[in-house]
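Worksheet: one structure, shown below.
The values are calculated or read from the model by the stated rules, or taken from the named source; none is laboratory data. Only a predicted model underlies this, so the values are computations on that prediction, with no experimental measurement involved. Heads up, the Cβs are rebuilt from the backbone with ideal geometry, glycines too, and the neighbour counts pull from every protein chain shown.
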There are 2 protein chains.
Amino acid sequence: MSFQFAHRMGAVPESFLDTLFAVSSDPSIISFAGGLPSSELIDVEGIAEATAGVMADDGRSALQYSTCDGYLPLREWIAERYSRRLGIAARPEDVRIVNGSQQCLDLVAKIFCNPGDVIGMERPGYLGAVEAFSIYEPAICGVPLAPEGGPEIGAFTRLLAEKNPVFFYGIPNFQNPSGTSYPEAVRREVGTLCREHGVPFYEDDAFGELAFDGRPRMPVKRWAKEYGIVSGSFSKTVAPGMRIGWLWAPEEIIRAFDIAKQAADLHSNHLSQMIMHRYLTTHDYDAHLATVRRTYAANCRLMSDLLDDLLPDWTHTRPEGGMFMTAELPAGVSSMALFEEGLRERVAVMPGGPFFAGGGGDDCIRLNISTVGGEEIREGMDRLVRAARTLSS
Amino acid sequence: MSFQFAHRMGAVPESFLDTLFAVSSDPSIISFAGGLPSSELIDVEGIAEATAGVMADDGRSALQYSTCDGYLPLREWIAERYSRRLGIAARPEDVRIVNGSQQCLDLVAKIFCNPGDVIGMERPGYLGAVEAFSIYEPAICGVPLAPEGGPEIGAFTRLLAEKNPVFFYGIPNFQNPSGTSYPEAVRREVGTLCREHGVPFYEDDAFGELAFDGRPRMPVKRWAKEYGIVSGSFSKTVAPGMRIGWLWAPEEIIRAFDIAKQAADLHSNHLSQMIMHRYLTTHDYDAHLATVRRTYAANCRLMSDLLDDLLPDWTHTRPEGGMFMTAELPAGVSSMALFEEGLRERVAVMPGGPFFAGGGGDDCIRLNISTVGGEEIREGMDRLVRAARTLSS
């Protein structure tokens with residue numbers, strides 16, 4: 001017996017994520033390959049208090065069905081924070097709650113993309129986005145990242161002018177995988193171009209709250225305006241297991257999004273939404289964020305210094321926030337070979353290939369700085385140096 | 001500004017659910033129109049205990065990312081219950097956890113359905129399924145329900161033989177909207193036919209645990225075997241706000257499902273999965289179910305008796321479980337008119353139309369028996385009788 005599946009199922013690239021999960025569950029391996037936030041930094045006690053509070057005061061409501069749009073007080077909180085942090089008026093009716101911002105990738109592609117349509121994205125870009133978009137059989141067109149961050153403007157302009165993409169997807173803040181950010185001039189230019197060409201700019205802002213200096217960066221939406229779509233997430237800042245992300249988008253897009261969301265799963269987890277709102281309003285979220293930022297900043301600096309000292313023929317990005325950086329390997333060193341050799345030395349890195357839709361990228365790796373402490377970074381880097389030496393010898 | 005959305009967005013019928021939510025939030029209206037389980041019967045105290053236990057013992061793990069397949073102990077519990085209740089061996093590796101079983105509707109259609117493919121389903125059938133499937137632009141072919149329950153076998157056989165459906169979707173136990181169930185002979189025949197024709201039978205078993213007599217009914221999968229797909233849900237038995245449902249399917253389908261699930265939202269809410277498992281294993285689930293069944297059985301009997309006594313020219317189904325029944329209106333009475341007139345009398349019924357993909361069904365209504373107590377049923381039926389009289393006069 002063999003089932004006949006829909007054409008779209010043949011369009012999805014093989015996922016590397018399962019390999020990663022297997023690697024990260026082996027305690028003898030120091031993993032720079034994963035994408036999880038730090039478990040140690042999750043405020044379990046604070047969330048437990050919020051949980052107990054919700055169950056005591058609103059349990060019956062939290063456990064019942066709710067509406068597709070999401071828990072209104074949580075949407076109000078998110079909108080208010082945008083208005084206050086960025087000075088851009090956001091309304092709760094422009095915000096929708098999803099099961100982690102990965103769901104935005106699925107639903108935004110679902111509402112915009114016919115088979116064969118062009119989706120623009122950064123190259124390298126987030127591999128989960130490539131997987132999510134591929135289901136809708138687009139032609140994914142990558143625009144190379146400039147060394148200083150953000151898409152190369154010439155290639156970006158040509159994409160908009162010649163390929164008529166249904167949207168452009170990017171991560172302006174502390175990008176996954178590179179850790180680079182769009183300079184403000186690039187944000188302005190990219191947003192303005194999108195608006196002029198009538199192409200939605202879909203910015204995935206999973207990491208914006210993790211700026212090491214705590215300073216908010218202006219979203220591209222500031223310039224793309226009614227063509228700006230933003231997704232956000234509490235997965236990197238509070239707790240991924242609660243699966244709470246959101247979309248912030250213009251009214252017309254929200255209307256289409258609601259249809260897709262309702263058909264997909266009626267609504268997001270009501271209990272978790274209420275716990276999240278309670279946590280945010282009864283605990284010092286900004287103090288918690290400051291701790292996370294400080295820790296990640298220290299890890300990032302340490303890894304950066306060790307790369308400079310121990311592997312001077314590698315070049316690497318210098319992130320100002322987030323959880324990742326990329327390193328370019330010397331000529332002739334393959335990232336897949338380094339992945340394999342690294343595992344023999346009990347250290348894991350993420351090969352670059354999966355971040356390059358359509359192939360390429362074997363000359364770089366992604367390094368994660370959120371799940372490892374200083375000791376592990378030092379020891380892991382020693383192991384990585386041994387693996388690199390074996391490959392070059 | 002006006003965005004160009006994907007073709008699939010034009011295929012989704014307008015949802016009636018928002019109208020329903022608005023109606024059910026007006027406390028002066030007695031609603032027989034909704035589809036919620038009873039809030040009063042949710043074991044808030046038990047779930048609060050389970051929640052506190054998870055946060056105390058496993059909080060850090062519950063709040064971190066997890067794997068796409070779902071929390072293994074919960075999948076083991078579900079598989080074990082199938083094996084014990086039905087005598088059909090189910091393995092945890094054949095079970096996947098989703099964000100409420102509505103997500104199965106989306107993902108199963110996503111993996112099987114190309115635009116123009118035929119999906120078979122019951123007529124009338126679950127309107128949430130029509131919405132979910134429509135996104136994938138199928139030709140939905142309805143097979144009329146026989147008065148004794150289950151699809152008319154002649155029409156069902158013709159569908160399989162002539163239309164080559166990618167799957168048939170049905171609710172064998174206490175169907176939404178009709179409340180009818182497939183007789184065992186029909187299950188056998190339908191399952192055997194599906195197997196012979198190589199057509200997956202997708203049975204949505206949201207209500208199977210709500211048999212008023214507590215006796216398990218054999219799934220069609222018993223006969224469809226490797227062509228049997230079953231979805232289940234804790235929304236009607238424990239708590240819908242936790243959004244936990246599951247798929248039980250053959251290995252090859254699970255593999256495709258995993259790709260779609262991972263792309264859609266990485267994984268289901270980990271915290272809720274662990275709470276649910278803790279609740280099921282530390283509380284008397286069967287005693288809880290017995291209470292729910294007893295309450296719904298009493299409500300159903302009362303509504304049935306009142307319909308017989310007060311509206312003898314209506315004919316209605318006589319469910320043996322679940323949360324719904326349908327009533328056929330006398331010639332000339334429109335369900336949309338009754339809906340409107342009912343609202344004037346402060347009682348809401350669900351018009352039949354939305355359950356009939358492609359049109360029809362205005363001669364029947366759906367009545368819900370889970371959210372109303374005895375007093376409300378009596379008062380609501382009096383109001384309904386007044387509305388019906390106004391329409392016939």
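Has segment A:281-302 got any residue that is touching a residue at least 60 places away in the same chain (Cβ under 8 Å), in contact with a Phe, Trp or Tyr (Cβ under 9 Å, 6 or more places away or on another chain) and part of a loop (DSSP other than H, G, I, E, B)? So far as segment A:281-302 goes, no, none of its residues is touching a residue at least 60 places away in the same chain (Cβ under 8 Å), in contact with a Phe, Trp or Tyr (Cβ under 9 Å, 6 or more places away or on another chain) and part of a loop (DSSP other than H, G, I, E, B). Could we say that B:Ala90 is touching a residue at least 24 places away in the same chain (Cβ under 8 Å), more than 8 Å from chain A (Cβ to nearest Cβ), over 30 Å from B:Val372 (Cβ atoms) and assigned to a loop (DSSP other than H, G, I, E, B) here? Taking the combined requirement at face value, the residue satisfies it.
Just one of the listed residues (A:Glu209, A:Glu189, A:Glu184) is touching a residue at least 24 places away in the same chain (Cβ under 8 Å), closer than 30 Å to A:Val238 by Cβ and crowded, with 19+ Cβ neighbours inside 10 Å, and it is A:Glu209.
Check whether at least one residue in segment B:99-115 is in a helix (DSSP H, G or I), touching a strand residue (DSSP E or B) at 6+ places or on another chain (Cβ under 9 Å) and polar (S, T, N, Q), and report yes or no. Looking through segment B:99-115, at least one residue is in a helix (DSSP H, G or I), touching a strand residue (DSSP E or B) at 6+ places or on another chain (Cβ under 9 Å) and polar (S, T, N, Q).
Screening B:Val54 on (1) in a loop (DSSP other than H, G, I, E, B); (2) crowded, with 20+ Cβ neighbours inside 10 Å shows it passes everything except condition (1). For A:Glu40, the conditions (1) charged (D, E, K, R); (2) at pLDDT 95 or above; (3) not in a loop (DSSP other than H, G, I, E, B) all hold with the exception of (3). Here B:Asn176 meets the list (1) under 22 Å from B:Glu320 (Cα atoms); (2) away from chain A (no Cβ under 14 Å) almost entirely, failing just condition (2).
Candidates in segment B:38-52 are the residues that are facing chain A (nearest Cβ under 7 Å) and under 19 Å from the mean Cα position of the chain (by Cα); of these, the one that is nearest to B:Gly352 (Cα to Cα) is B:Ser39. Restricting segment B:249-272 to residues that are assigned to a helix (DSSP H, G or I) and in contact with a Pro (Cβ under 9 Å, 6 or more places away or on another chain), which is farthest from B:Asp204 (Cα to Cα)? If we take residues in segment B:249-272 being assigned to a helix (DSSP H, G or I) and in contact with a Pro (Cβ under 9 Å, 6 or more places away or on another chain), then B:His270 is farthest from B:Asp204 (Cα to Cα). Hey, does segment B:308-316 have a residue that's more than 14 Å from chain A (Cβ to nearest Cβ), under 23 Å from the mean Cα position of the chain (by Cα) and either crowded, with 19+ Cβ neighbours inside 10 Å or modelled with pLDDT under 95 (or both)? So far as segment B:308-316 goes, yes, one or more of its residues are more than 14 Å from chain A (Cβ to nearest Cβ), under 23 Å from the mean Cα position of the chain (by Cα) and either crowded, with 19+ Cβ neighbours inside 10 Å or modelled with pLDDT under 95 (or both).
Residues that are in a loop (DSSP other than H, G, I, E, B) and either in contact with a Leu (Cβ under 8 Å, 6 or more places away or on another chain) or surrounded by 22 or more Cβ atoms within 10 Å (Cβ to Cβ) (or both) within segment A:336-360 comprise A:Glu345, A:Val349, A:Gly352, A:Ala357, listed in sequence order. Total residues in segment B:211-241 satisfying the condition of being in a loop (DSSP other than H, G, I, E, B) and within 14 Å of chain A (Cβ to nearest Cβ): the figure is 6.
The numbered conditions (1) part of a loop (DSSP other than H, G, I, E, B); (2) within 30 Å of A:Glu137 (Cβ to Cβ) are all true for A:Thr326 except (1). Scanning segment A:93-107 for residues that are surrounded by 19 or more Cβ atoms within 10 Å (Cβ to Cβ) and farther than 24 Å from A:Leu36 by Cβ gives A:Asp94, A:Val95, A:Arg96. Of the residues screened, A:Tyr71 is not one that is touching a Pro at 6+ places or on another chain (Cβ under 9 Å), hydroxyl-bearing (Ser, Thr, Tyr) and at pLDDT 95 or above. Restricting attention to segment A:1-16 and to residues that are within 7 Å of chain B (Cβ to nearest Cβ), in a loop (DSSP other than H, G, I, E, B) and of a type outside the set (Ser, Thr, Tyr), the residue that is nearest to A:Gly358 (Cα to Cα) turns out to be A:Val12. Note on segment B:114-135: residues that are touching an Asp or Glu at 6+ places or on another chain (Cβ under 8 Å), surrounded by 24 or more Cβ atoms within 10 Å (Cβ to Cβ) and within 8 Å of chain A (Cβ to nearest Cβ) total 1. Could you tell me whether any residue of segment A:250-258 is in contact (Cβ under 8 Å) with a residue 40 or more places away in the chain, surrounded by 21 or more Cβ atoms within 10 Å (Cβ to Cβ), more than 11 Å from chain B (Cβ to nearest Cβ) and closer than 24 Å to A:Pro73 by Cβ? Scanning segment A:250-258 turns up no residue that is in contact (Cβ under 8 Å) with a residue 40 or more places away in the chain, surrounded by 21 or more Cβ atoms within 10 Å (Cβ to Cβ), more than 11 Å from chain B (Cβ to nearest Cβ) and closer than 24 Å to A:Pro73 by Cβ.
Looking across segment A:17-37 at every residue that is part of a loop (DSSP other than H, G, I, E, B) and within 16 Å of the chain's Cα centre (by Cα), the one that is farthest from the other protein chains (Cβ to nearest Cβ) is identified as A:Ala33.
Rundown of residues vs (1) touching a Phe, Trp or Tyr at 6+ places or on another chain (Cβ under 9 Å); (2) closer than 25 Å to A:Ala327 by Cβ; (3) among the hydroxyl-bearing types (Ser, Thr, Tyr), yes/no style:
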{"position": "A:Arg158", "(1), (2), (3)": "no, no, no"}
{"position": "A:Ala161", "(1), (2), (3)": "no, no, no"}
{"position": "A:Asn164", "(1), (2), (3)": "no, no, no"}
{"position": "A:Gly170", "(1), (2), (3)": "yes, yes, no"}
{"position": "A:Pro183", "(1), (2), (3)": "no, yes, no"}
{"position": "A:Glu189", "(1), (2), (3)": "yes, no, no"}
{"position": "A:Thr192", "(1), (2), (3)": "yes, no, yes"}
{"position": "A:His197", "(1), (2), (3)": "yes, no, no"}
{"position": "A:Leu210", "(1), (2), (3)": "yes, yes, no"}
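Could we say that B:Leu74 is more than 8 Å from every other protein chain (Cβ to nearest Cβ) and crowded, with 23+ Cβ neighbours inside 10 Å here? So B:Leu74 fits the description; yes.
Quick one: is A:Ile244 within 14 Å of chain B (Cβ to nearest Cβ), of a type outside the set (S, T, N, Q), crowded, with 17+ Cβ neighbours inside 10 Å and in contact with a helix residue (DSSP H, G or I) (Cβ under 7 Å, 6 or more places away or on another chain)? Judged against the criteria, A:Ile244 is a match.
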